[in-house]
1. In region 1-80, what trypsin sites (Lys or Arg not before Pro) fall in a loop by DSSP, with at most 15 other Cβ atoms inside 10 Å?
2. Using a Gaussian network model of the chain with C-alpha springs under 10 Å, which one of ALA110, ALA157, ALA195 is most mobile by mean-square fluctuation?
3. Picking from SER88, SER25, SER71, which is most flexible by a Gaussian network model of the chain using Cα springs under 10 Å?
4. Any idea of the accessible area per residue across the chain, 1.4 Å probe, to the nearest Å²?
5. Using the Cα centre of the chain as the reference point, and only Cβ charges (+1 on K/R, -1 on D/E), how large is the resulting charge dipole? Debye, rounded to the nearest 20.
6. To make sure I understand the rule: partners must be aspartates and glutamates, Cα under 20 Å from the Cα of LYS155, and not fewer than 8 residues away in the same chain. Which ones qualify?
7. With +1 on the Cβ of every Lys and Arg and -1 on the Cβ of every Asp and Glu, and nothing else charged, how large is the dipole of region 98-189 about its Cα centre, in debye rounded to the nearest 20?
8. Helix 223-238 versus the longest principal axis of the chain: what is the Cα-based angle in degrees, 0 to 90, to the nearest 10?
Amino acid sequence: MTLMLHRGAQEIDYDGLRHLETPLSTQTHVPIPHFRVVDLLRTTLGMYGHEIVGEHHGVTEDGARYFGLVSLRSAYTGYEDTVGLRNSHDRSFPVGVGFGSRVFVCDNLAFIADTTIKRKHTANLKRDLPGIIGEMIEPLALHREAQHRTFERYKHAMLTDQQADHVVLNMYREGIVNLQRIPDVLKEWQEPTFAEFNERNAWRLFNAATFVLTGRVVENPNATPRLHQVIDGVCERIN
């Protein structure tokens, strides 16, 4: 997950959010306090049994724009799910909620996630937002179960160095990694940073690629689904 604050916003904790002033409503614009967006998300996540393991919040100097990330513990696999948030009091953008295994939120207004929702600041926003978030998060358990089965298949697909080289070349052809990053993926395949990837299988190669792509999702937000397609392809050929 990535929360990038480099255009004037600064980190703030939840208690700090509670002390920020919220502008008065008008007939066409009903601001919702930044901390209330966080509260609504927390409540909805709790209703569906998800555990929050980390939060990061940021606001602009005048308190008008909020950016946040919330990390969730996944019951399946070693991956964290992430929810990205943003809210504004100056009408610069609507309330936004983004969900996925890779989420990027920046105070330059970049907002990237697997699934996103955006809603204008209307009188019904506070009423409707929990249900909207719930519709997005409810399928999470089923998605993670399916992902767990996928990763188990990767772990059982053993690869030779020649096969791994071919897969990395396909990653380049599909635009997942550029030419300069091919050596990085191959090095991580040959010498994994983490000892848990000691078996020479598709799971090890998948993690070699994701390790190299860490922090670069904003450059190529479609890299993860394309990577799955490439790894799935080699697993099908082996089996």
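1. Here the sparse-neighbourhood loop sites are ARG7.
2. Result for the chain, Cα springs under 10 Å: ALA195 fluctuates most.
3. Looking only at SER88, SER25, SER71, the largest GNM fluctuation is found for SER25.
4. Values: 12560 Å² over 239 residues.
Ligands and nucleic acids excluded, the result is 53 Å² per residue.
5. Working: 26 positive and 30 negative charges, 116 e Å.
So the magnitude is around 560 debye.
6. GLU80, GLU145, ASP165, GLU188, GLU191, GLU196, GLU199, ASP232, GLU236
7. Dipole about the Cα centre, nearest 20: 380 debye.
8. The angle comes out at about 30 degrees.
The values are calculated or read from the model by the stated rules, or taken from the named source; none is laboratory data. From a predicted model like this one, the values you see are computed outputs, not experimental measurements. Quick reminder, even Gly has a Cβ in these numbers, built from the backbone with ideal geometry, and neighbours come from all protein chains shown. Heavy atoms of the whole protein, side chains included, go into the accessibility calculation; ligands, DNA and RNA do not. Shrake-Rupley method; radii C 1.70, N 1.55, O 1.52, S 1.80 Å.
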